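Visitor: After the structure tokens below, expect a handful of questions from me.
The values are calculated or read from the model by the stated rules, or taken from the named source; none is laboratory data. Keep in mind that what you see is a predicted model, and the values were worked out from it rather than measured. Counting neighbours? That spans all protein chains shown, and the Cβs are built from the backbone with ideal geometry, glycine included.
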Amino acid sequence: MGEIRLHVEALRFGYVPERLLFEGFDLSLREGELKAVVGPSGSGKSTLFELILGQLRPQGGVIRAARMSQVFQDPYSSFHPSYTLLEQIADVAPLEGMEAYLEQMELEPALMRQWPHQLSGGQLQRASIVRAMLMRPQLLLLDEPTSALDNVTQLQVMQMLMRHLDRMAMLLITHDTHLARWCADEIIDITSKSAPRA
């Protein structure tokens, strides 16, 4: 395996002092690895991503992350409604290589000149994956990235993502345990890794 792209050590965090979502939580992820985080709603999966992204401040512990990008669960909330997809992608990433990614995602290049509301949820989610890949991340955070896709497209998208593991690490949030078992090097049950107080 390659270099460490995510290091979480002794993480401590809770929205209220009486109930911690994380206490003594450790996670390490190397280039070439894909790990899946599973657990019921409210167990802290999305909170973990917000902590890694720096949107929340941990109350204890250490988080070190390489250059990253993220694919959100809701594609409509990840694009601004007033700008075309191409404008929004160009704001955050170079466009070199975009056509190859679009072909892999089975998206017509002309769709990138549309506004978000003009695409279906599945098309928009695949466009968000293209944007994330064009950012050339060393760490890719995937929050239910295939939830808006049909079963065949889910498989194709995950296969495409996994082909790029030679140059990045991936952390996947999913409710789909079958998907996690199929693609992940390790499955992290967040309910057993965190230690909420009674």
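Visitor: If you check LEU172, LEU142, which single one turns out to be crowded, with 20+ Cβ neighbours inside 10 Å, out of contact with any Lys or Arg (no Cβ under 6 Å at 6 or more places or on another chain), modelled with pLDDT of 90 or more and farther than 20 Å from VAL92 by Cα? Full working, then the answer.
Guide: Working: LEU142 fails: farther than 20 Å from VAL92 by Cα.
Exactly one of LEU172, LEU142 is crowded, with 20+ Cβ neighbours inside 10 Å, out of contact with any Lys or Arg (no Cβ under 6 Å at 6 or more places or on another chain), modelled with pLDDT of 90 or more and farther than 20 Å from VAL92 by Cα, namely LEU172.
Visitor: Can I ask one more? Any residue at all in segment 125-135 that is touching a Ser or Thr at 6+ places or on another chain (Cβ under 6 Å) and crowded, with 22+ Cβ neighbours inside 10 Å?
Guide: Step one: filter segment 125-135 for residues touching a Ser or Thr at 6+ places or on another chain (Cβ under 6 Å), giving 128, 132, 135.
This time we only want the ones that are crowded, with 22+ Cβ neighbours inside 10 Å, so: 128, 132.
Scanning segment 125-135, I find at least one residue that is touching a Ser or Thr at 6+ places or on another chain (Cβ under 6 Å) and crowded, with 22+ Cβ neighbours inside 10 Å, so the answer is yes.
Visitor: Out of ASP143, ASP185, I need the residue that is closer than 25 Å to LEU51 by Cβ and in contact with a Phe, Trp or Tyr (Cβ under 6 Å, 6 or more places away or on another chain). Which one?
Guide: Working: ASP185 fails: in contact with a Phe, Trp or Tyr (Cβ under 6 Å, 6 or more places away or on another chain).
Unique residue meeting the criteria: ASP143.
Visitor: With the requirement that a residue be surrounded by 19 or more Cβ atoms within 10 Å (Cβ to Cβ) and touching a strand residue (DSSP E or B) at 6+ places or on another chain (Cβ under 9 Å), what does segment 74-96 give you?
Guide: Passing the criteria: SER78, ALA93.
Visitor: I need every pair where a residue in segment 163-191 that is farther than 22 Å from GLN138 by Cα has its Cβ under 9 Å from the Cβ of a residue that is of a type in the set (Ser, Thr, Tyr) and loosely packed, with under 15 Cβ neighbours inside 10 Å, sequence separation at least 6 or different chains.
Guide: HIS175/SER41
Visitor: Within segment 9-22, can one find any residue that is within 13 Å of LEU172 (Cβ to Cβ), of a type outside the set (S, T, N, Q), surrounded by 14 or more Cβ atoms within 10 Å (Cβ to Cβ) and modelled with pLDDT of 95 or more?
Guide: Taking segment 9-22 and keeping what is within 13 Å of LEU172 (Cβ to Cβ), we get none.
Among the residues of segment 9-22, not one is within 13 Å of LEU172 (Cβ to Cβ), of a type outside the set (S, T, N, Q), surrounded by 14 or more Cβ atoms within 10 Å (Cβ to Cβ) and modelled with pLDDT of 95 or more, which makes the answer no.
Visitor: I'm checking my understanding of the structure. Among residues of segment 39-58 that are loosely packed, with under 14 Cβ neighbours inside 10 Å, of a type outside the set (Ser, Thr, Tyr) and more than 21 Å from ARG136 (Cα to Cα), which one is modelled with the lowest pLDDT?
Guide: Within segment 39-58, the match that is modelled with the lowest pLDDT is GLY42.
Visitor: Search segment 65-79 for residues that are under 25 Å from VAL8 (Cβ atoms) and pair each with any residue that is among the aromatic types (Phe, Trp, Tyr) when their beta-carbon atoms are under 8 Å apart and the residues are at least 6 apart or on different chains.
Guide: As it stands, the answer is GLN70/PHE49; SER78/PHE72, since those pairs meet every condition given.
Visitor: Take segment 68-85 and flag every residue that is within 20 Å of GLU144 (Cα to Cα) and polar (S, T, N, Q).
Guide: Answer for segment 68-85, where residues must be within 20 Å of GLU144 (Cα to Cα) and polar (S, T, N, Q): SER69, GLN70, GLN73, SER77, SER78.
Visitor: While we're looking at this one, here's another question. Taking interchain pairs and intrachain pairs at least six residues apart, which have beta carbon atoms under 7 angstrom, with the first residue in segment 123-145 and closer than 14 Å to SER78 by Cα and the second assigned to a helix (DSSP H, G or I) and hydroxyl-bearing (Ser, Thr, Tyr)?
Guide: Close Cβ pairs satisfying both conditions: LEU124/TYR76; SER128/SER78; VAL130/TYR101; ASP143/SER46.
Visitor: OK, next. Being among the aliphatic types (A, V, I, L, M) and in a strand (DSSP E or B) is the filter; apply it to segment 63-78 and report the residue that is modelled with the lowest pLDDT.
Guide: Selected residue: VAL71.
Visitor: Can you tell me how many residues within segment 93-106 are touching a Lys or Arg at 6+ places or on another chain (Cβ under 7 Å) and modelled with pLDDT of 95 or more? Steps first, please.
Guide: Kept after step one, since they are touching a Lys or Arg at 6+ places or on another chain (Cβ under 7 Å), are these residues of segment 93-106: 93, 105.
Pick out the ones that are also modelled with pLDDT of 95 or more and you get 93.
Qualifying residue count, segment 93-106: 1.
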